[in-house]
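Laboratory data are not the source of any read-out in this text; all were calculated from the coordinates shown. Quantities reported herein were computed from a predicted structural model and do not represent experimental measurements. Here the Cβ is made from the backbone with ideal geometry for all residues, glycine too, and neighbour counts use every protein chain on show.
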């Protein structure tokens, strides 16, 4: 199932995407006639850094021994088609990622039970201010500015996906990143176990699983797309 939130005829609808139609409120609309919104409004977004070995190496960093975690605030979330507004910085990068959406409130989840608390998966772009990341150790400004968390286009439930998934990022139609979930340093069940071992996860919370190698800068006028097999693509324009 593809769980979606969209605007149609002045209504905000929590529904689904079926084929080329958006479905909700007992009605159907052609997909091209609705505006897709972020498919979830998380209370928190927990992100993993350096969870692909090649990405850690390309930035001159060591692979962490335990999951390296940081937050993005809910205010950073934007949906498909919404513009990424660049902060004042000499370099702001795209980072395409697979996002896990939590399906129910949970704590101390064991890795073997992790899939029982996962609603589904979506695309996420962990847009990052490299200037700020260079001088601020906790990455608040680097990762938390408004529009730094494009999310969507919908949530695909686990029963419709076949792992491993392939994550790709394109800028202006050119492939820049490619990786698979088989390459994750810490796989999804271990991530859920680690995060829930010290933090209650709420329904709708999002965990971003890390980005493959190939990160690079964005410029005003660019169009950036995160594409994940079995899920779809998240496309956002870039502006100042």
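At-a-glance table
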| read-out | value |
| --- | --- |
| Gain on full stretching of the segment that runs from residue 115 to residue 91 - 0.36 nm per residue minus C-alpha separation | 5.0 nm |
| Scattering profile of region 43-130 at q = 0.23 Å⁻¹ [log10 I(q)/I(0), Debye over alpha-carbon scatterers] | -1.40 |
| Inter-label distance, nm, simple model (7 Å from Cα along the C-beta direction), residue 62/residue 7 | 4.8 nm |
| Simple label model, 7 Å out from Cα along Cβ direction - residue 43 to residue 18, nm | 3.2 nm |
| Mean separation of Cα contacts under 8 Å (6+ apart) over length of the chain, as relative contact order % | 27 percent |
| Whole-Å semi-axes of the ellipsoid equivalent to the chain (Cα gyration tensor, √5λ, descending) | 26, 23, 16 |
| Estimated distance in nm for a label pair at residue 108 and residue 131, the labels positioned 7 Å out from Cα along Cα-to-Cβ | 4.7 nm |
| Calculated FRET efficiency for the pair residue 180/residue 27, C-beta based, R₀ 51 Å, to 0.05 | 0.85 |
| Cα extents of region 1-76 along the three principal axes, largest first (Å) | 51, 25, 18 |
| Burial order of peptide ranges 139-151, 46-58 (average beta-carbon count within 10 Å, highest first) | 139-151, 46-58 |
| Euclidean distance between Cα centres, region 16-82 to region 176-240, Å | 6 Å |
